[in-house]
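Structure first, commentary second.
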Amino acid sequence: MAAAPDNAEAYFYLGQSQLNRGDTEKAILSFEKATTLAPANSEYFRLLGDSYGITAGKAGLFSKFGWPKNARPPTTNPSSSTPRTSTPGGV
């Protein structure tokens, strides 16, 4: 950004524009520059984190983990699970 190389806000808005267009890689670079120039601005860090999350989602990172073999998948019908019983006093 030749016109304002030290303007964190300009990099922030550029990153927002890039993110809205779906160019998360460029948005990450812009948000990283904004956070470097204004490290106290939490909004810049929030959108940087959002951009990382979008990139991870596109890469399928979270879908690769799946359920462990011995884990029970979540139930869609809460009444189908075994009800817990408790006695007064939590004993």
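The values are calculated or read from the model by the stated rules, or taken from the named source; none is laboratory data. This is a predicted model, so every value here is computed, not measured. Every residue, glycine among them, receives a Cβ derived from its backbone with ideal geometry; neighbour counts consider all protein chains shown.
The table below gives the values:
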quantity: Test: residue in the range 45-61 that is farther than 30 Å from Glu9 by Cβ and either under 18 Å from the mean Cα position of the chain (by Cα) or at pLDDT below 90 (or both); calculated: yes
quantity: Among residues of the range 14-44, those that are farther than 16 Å from Gly57 by Cα, aliphatic (A, V, I, L, M) and part of a helix (DSSP H, G or I), counted; calculated: 4
